[in-house]
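Down below is the structure, laid out as structure tokens.
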Amino acid sequence: MNSLKSILLAEDNPKDVELTLEALGEHNLANDVVVVNDGAEALDYLYCRGKYETRTPGNPAVVLLDLKMPKVDGIQVLKTIKNDESLKTVPVVVLTSSREERDLVETYRLGVNAYVVKPVEFQEFVGAVSQLGIFWAIVNEPPPGTGRKPQ
Amino acid sequence: MRLFDAKTISTKLKMVILSTTLFAVVLVFIGFFIYERVTFRKITLNDIETKADIIAENINAALAFRDSTDAARVLSSMKSQRRIMSAAIYDQEGKLFAVYSRDGQQARFSERPGPDEVRYENDAIVLFKPVSVNGERIGTIHMRMDLLREKERFWSYIQIACIVLLGALGVAYFVATVLERNISLPILNLVAVAQKVSQQQDYSLRAVKTTNDETGILSDAFNDMLIQIQQRDATLQESEERYRYLFKNNPLPMWVFDSETLAFLEVNDAAINHYGYSREEFLHMTIKEIRPPEEVPRLLDDVRQHHRGHDAGSIWKHRKKDGTIIDVEITSHELLFGGREGKLVLANDITEKHRAIEALQRSEERYRTTLDSLQEGCQIIGFDYRYIYLNDVAAKQGRMPKEKLLGKTMMEVYPGIEHSPFFKDLQQCLDQRTPHHLENEFVYPDGSVGWFDLSIEPVPEGVFILSIDITKEKLQEKELKSYREHLEELVAERTKQLEASNKELESFSYSVSHDLRAPLRHVNGFVDLLLKHAADRLDEKSRRYLNTVASSAKEMGTLIDELLVFSRMARVEMHATEVDMGQIVNELLRRMEKDIEQRSIKWNIGLLPVVEGDLSLLRLVFQNLIENAVKYTRTRQQAHIEIGSSPRDNEVVVFVRDNGVGFNMEYKDKLFGVFQRLHSAVEFEGTGIGLANVRRIIQRHGGTVWAESEIDKGATFYFSIPKKKG
């Protein structure tokens, strides 16, 4: 289905969601973003269960994953994705406030595709997020089975 | 008898014989002469009286008749009598009546007759005799008769005597000469031998015995005497030899000195060898000269006081020829030496002995003082368990005054001590003379307990005990032991606490990292959005406010980031590898090239060693220091930055020196504090975390950091880091 949204944003903080969407919106990518507010919801989405039971199947082009989230945290979500045969090809970009080394080490160990620290400076933030969106949603050729919106 | 002096015995003998002969002959002649004279005088007297009587007979008549012619005729009949020199007749009245004179010449007659007598007058006999008739005196007859005949006889006698005497003496001399030879010859022989003996001191000569009389006995006695003298002489010589040998070869220095002059009279070989003076030198010296000057008054004193008798064992200081002072023990005794009053001295050099004794005394004193002042307790216990010696510390340890311990047995002072294990060791040490070492728990009479480290050593008097009070240590040890038993628990607990707090800290910094930055980002983001959305509605002032909000938020973000880095420095695990500091600097400079291309900086990079450390952390150190140097030299037309190192003990000191603005040394303590800044943000941007990081990293590497500077004269930052091992 070409109409499927191709970016999954897992972020518990609505302000960050807003800012992220704003940044993506700068490049008209906002409409392709599915926002989930915690890890559990993200997994629900990916496994099409819970409130996403009825959604159109297919994997997102990229998962923008915050690490510090209620219920199931980002690391857990990453681990689940990368351990699942059907999901492990989905690119996961950690988008987080933290520069903590242990997070870096852990996520790369689990097979994260990119690790981006959200800059405090908004313009930098916009730059970073929009680049991410452009790269993963447009430039990068996703693996087969990824839902894609027609250009 | 001067006559016999200095005459030979033969002369004497002759003299005796001749004088005896002379004496005998003279005596005989004198006797004969006297007899002759007495006899002659008697005859002469008879003769003259007879003549007078005859005359008187014849003259009676003449007188009676007073016929003087007849009288003269009678008188002249005397002419035949040649010896009658004169004659006279006095009448009754005493008047000269008739005279006769032999030579016809008028003889002198006295006017009156002398008394009736016969008397000798000069060389004549004078006679006055009465002429009596019938008993009546009628006159006096006087006659004078000369003695010439007598004289003649006497002289002829003398002549005969002399001739006889000479003959007798001649015979006597001959006889004496013959006889004397028999007697004097053996004596002369004896004399010759005696003279020879005395001249040659040869007592082996013997007199030859020629007779059996007294001279022969004398010869025998003389020979016997010589034999005895010879034996005695031999014995004496042998004995003298022996004593001379004893003196000369005595191993101890000996000498004889004159008691008056103190001059050496004789010295033996040992003295010569020992004192270094030759025999001749000695004999020209006095005993004062073998003494150091300060001893001389004492010597003179001593000589005065001990002038007589025997002196033994006094100690003196003597000086050898080479100046060495020695201690000698002197034994001396009075003696007569070559007729002089002297002293025989025997000198025993006891310098070594003396020194040894002195050293021993000093050493003993030293040991005693050492023992007394030792911080450990020292005691010497006798074989009867009596305290012989204690120092103050030992008394203090025993909690008894020294006086109550000394001389008492241990059992008296501490009843029951004989049952303690310590006592067993003590007994063993006393019996078997083996050293023991033990820690002893000592129970005081009051029940309290002390611990002592005891070393028991056998000594000649008994045992020596060195005691160290270890009560405190024992208590600490006990405490420590109980601690140790609980240590593992404690450590586990602490570790748990530490882990928890570490975790807490970690999650804190984690939250800070996540949660503290988010609001800032939001502030920043929304301000930005606001600026965009309300751009046309905002005046310049509002826009500036919003920009300030945004930059403050951004600044805070930076601070948080750096704080997080700083906190991570403390927690992050160190990955120690070999780090080439020179390479770090080169890389950093390469990376900075772009940023500083506008600047004129003269770099002076010295040799930097390879150390063991965490590469990324050390890189951060250099990055901070170099960036600082670059930053604070910004105002300089020409910046100089020097980086170098020097070894110091087991470390390397690295420095980064610049010619920048420097800082006030008053604030050097603040330099390495977190968020401490010495410059305003307007002058030089920065958060004040860089040097805090440097310090933390260097501290974690076991080094230190410091800085030196003067305002406007540049600054030098140093850090030390341990040298690479091996």
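The values are calculated or read from the model by the stated rules, or taken from the named source; none is laboratory data. These numbers come from a predicted model, not from an experiment. Cβ: placed from backbone, ideal geometry, glycine included. Neighbour counts: every protein chain shown.
Data table
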quantity	calculated
Positions within the range A:72-122 being farther than 16 Å from B:His514 by Cβ and basic (Lys, Arg), in sequence order	A:Lys79, A:Lys82, A:Lys88, A:Arg109
Within the range B:367-388, tally of residues that are over 14 Å from B:Ser455 (Cα atoms) and not in a helix (DSSP H, G or I)	9
Qualifying residue in the range B:485-499 (condition: under 30 Å from A:Glu18 (Cα atoms) and not hydroxyl-bearing (Ser, Thr, Tyr))	no
Only one of A:Val17, A:Val34 that is surrounded by fewer than 20 Cβ atoms within 10 Å (Cβ to Cβ) and within 14 Å of chain B (Cβ to nearest Cβ)	A:Val17
Any hit, the range B:344-364, residues being out of contact with any strand residue (DSSP E or B) (no Cβ under 6 Å at 6 or more places or on another chain), more than 27 Å from B:Tyr389 (Cα to Cα) and part of a strand (DSSP E or B)	no
Set B:Phe675, B:Phe684, B:Phe655, B:Phe663: member being more than 20 Å from B:Leu608 (Cα to Cα) and touching a strand residue (DSSP E or B) at 6+ places or on another chain (Cβ under 6 Å)	B:Phe663
Residue in the range A:84-114 that is nearest to the other protein chains (Cβ to nearest Cβ), counting only those that are more than 19 Å from A:Phe125 (Cβ to Cβ) and among the basic types (Lys, Arg)	A:Arg102
Considering residues of the range B:267-292 that are touching a Leu at 6+ places or on another chain (Cβ under 8 Å) and surrounded by 17 or more Cβ atoms within 10 Å (Cβ to Cβ) only, the residue nearest to B:Val303 (Cα to Cα)	B:Ile287
Pairs where the first residue, in the range A:119-141, is away from chain B (no Cβ under 13 Å) and touching a residue at least 60 places away in the same chain (Cβ under 8 Å) and the second is in a helix (DSSP H, G or I) and surrounded by 14 or more Cβ atoms within 10 Å (Cβ to Cβ), C-beta under 7 Å, 6+ apart	A:Ser130/A:Ala23; A:Ser130/A:Leu24; A:Gly133/A:Leu24; A:Ala137/A:Asp32
Residues satisfying the stated conditions in the range A:104-146, i.e. over 18 Å from A:Ile81 (Cα atoms), surrounded by fewer than 18 Cβ atoms within 10 Å (Cβ to Cβ) and of a type in the set (Val, Ile, Thr)	A:Val116, A:Ile134, A:Ile138, A:Val139
Options B:Gly557, B:Gly525; residue that is closer than 23 Å to A:Thr96 by Cβ, touching a residue at least 12 places away in the same chain (Cβ under 8 Å), in contact with a Leu (Cβ under 8 Å, 6 or more places away or on another chain) and buried (at least 16 other Cβ atoms within 10 Å of the Cβ)	B:Gly557
Evaluation of A:Glu11 against (1) away from chain B (no Cβ under 14 Å); (2) among the acidic types (Asp, Glu); (3) crowded, with 22+ Cβ neighbours inside 10 Å (one fails), failing number	(1)
Residues that are under 46 Å from the mean Cα position of the chain (by Cα) and of a type in the set (S, T, N, Q), drawn from the range B:398-423	B:Thr409
Subset tally (residues that are assigned to a helix (DSSP H, G or I) and more than 8 Å from chain A (Cβ to nearest Cβ)) for the range B:520-535	5
Of all residues in the range B:96-108 being part of a loop (DSSP other than H, G, I, E, B) and either under 60 Å from the mean Cα position of the chain (by Cα) or surrounded by 12 or more Cβ atoms within 10 Å (Cβ to Cβ) (or both), the one that is modelled with the lowest pLDDT	B:Ala107
Filter pass, B:Arg648 being within 60 Å of the chain's Cα centre (by Cα), among the charged types (D, E, K, R) and surrounded by fewer than 17 Cβ atoms within 10 Å (Cβ to Cβ)	yes
The listed residue being acidic (Asp, Glu) and either surrounded by 14 or more Cβ atoms within 10 Å (Cβ to Cβ) or farther than 30 Å from B:Ala71 by Cβ (or both), out of B:Glu111, B:Glu152	B:Glu152
Test: residue in the range A:43-60 that is closer than 26 Å to B:Asn524 by Cβ and either buried (at least 19 other Cβ atoms within 10 Å of the Cβ) or among the acidic types (Asp, Glu) (or both)	no
Residue in the range B:574-596 that is within 14 Å of another protein chain (Cβ to nearest Cβ) and on the phi < 0 side of the Ramachandran plot present	yes
Matching entry among A:Ile81, A:Ile75 (being modelled with pLDDT of 90 or more, within 14 Å of chain B (Cβ to nearest Cβ) and either surrounded by 16 or more Cβ atoms within 10 Å (Cβ to Cβ) or out of contact with any Asp or Glu (no Cβ under 6 Å at 6 or more places or on another chain) (or both))	A:Ile75
Long-range neighbours under 6 Å by Cβ, at least six apart or interchain, first residue within 17 Å of A:Val116 (Cβ to Cβ) within the range A:5-22, second of a type in the set (Gly, Ala, Ser) and modelled with pLDDT of 85 or more	A:Ala10/A:Ala42; A:Leu19/B:Gly525
Test: residue in the range B:538-546 that is within 10 Å of chain A (Cβ to nearest Cβ), more than 60 Å from the chain's Cα centre (by Cα) and either closer than 16 Å to A:Ser97 by Cβ or loosely packed, with under 11 Cβ neighbours inside 10 Å (or both)	no
Among (1) buried (at least 16 other Cβ atoms within 10 Å of the Cβ); (2) over 30 Å from B:Ala500 (Cβ atoms) - the single one B:Leu617 does not satisfy	(2)
Options B:Thr548, B:Thr577, B:Thr558: the member that is among the β-branched types (Val, Ile, Thr) and touching a Gly at 6+ places or on another chain (Cβ under 8 Å)	B:Thr577
Residue check for B:Glu479: closer than 30 Å to B:Phe566 by Cβ, loosely packed, with under 12 Cβ neighbours inside 10 Å and away from chain A (no Cβ under 14 Å)	no
Count - residues of the range B:498-518 that are within 9 Å of chain A (Cβ to nearest Cβ), within 11 Å of A:Glu100 (Cβ to Cβ) and free of Cβ contacts under 8 Å to residues at least 24 places away in the same chain	3
Yes/no for B:Thr495 being within 30 Å of B:Tyr389 (Cα to Cα), more than 14 Å from every other protein chain (Cβ to nearest Cβ) and of a type outside the set (A, V, I, L, M, F, W, C)	no
Count - residues of the range B:63-94 that are under 19 Å from B:Asp116 (Cβ atoms), in a loop (DSSP other than H, G, I, E, B) and either of a type in the set (S, T, N, Q) or in contact (Cβ under 8 Å) with a residue 12 or more places away in the chain (or both)	3
